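Accompanying notes for the structure given below.
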C-alpha cells in the first residue's frame with residue numbers, strides 16, 4: 001500500500017474512532033444516566049452534563065480540524 005494512502009486511511013480511522021467514542025460517552029451519560037433530560041427543574045447534574053457536553057464538543061471539533069488541516073506529505077517531500 002502506498003504510504004500516503006496509508007496515512008490517509010489512518011486519519012479516517014482516527015476521525016471515526018474519536019467520533020464514536022465521543023458519541024458513546026455523551027449518549028451514555030445523557031440518555032442512560034438521565035442527565036440530558038430536565039424533568040421538573042434544572043438541577044446541578046444537568047448543568048454539569050451540558051457544560052461537559054459543550055466543552056467536549058469544542059475539544060472534539062478542534063481535534064478534527066487540527067487533524068485534517070495538516071497536509072498529507074509524500075515521502076519525497078519530507
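A few points about this structure:
- Residue check, residue 29 in a helix (DSSP H, G or I), modelled with pLDDT of 95 or more and surrounded by fewer than 12 Cβ atoms within 10 Å (Cβ to Cβ): no
- Condition met for residue 53 (farther than 30 Å from residue 4 by Cβ, in a helix (DSSP H, G or I) and touching a helix residue (DSSP H, G or I) at 6+ places or on another chain (Cβ under 8 Å)): yes
- Within segment 46-78, the set of residues being surrounded by 12 or more Cβ atoms within 10 Å (Cβ to Cβ) and farther than 21 Å from residue 12 by Cβ comprises 46, 47, 48, 49, 50, 52, 53, 56.
- Among the residues of segment 2-48, those identified as in contact with a helix residue (DSSP H, G or I) (Cβ under 8 Å, 6 or more places away or on another chain) and closer than 27 Å to residue 69 by Cβ are 11, 14, 15, 18, 19, 22, 25, 26.
- Members of segment 56-78 found to be touching a helix residue (DSSP H, G or I) at 6+ places or on another chain (Cβ under 7 Å) and modelled with pLDDT under 95, listed by number: 72, 74, 75
The values are calculated or read from the model by the stated rules, or taken from the named source; none is laboratory data. Here the structure is a predicted model, which means the values were calculated and not measured. Don't worry about glycine lacking a Cβ; one is built from the backbone with ideal geometry, like all the others, and counts go over all protein chains shown.
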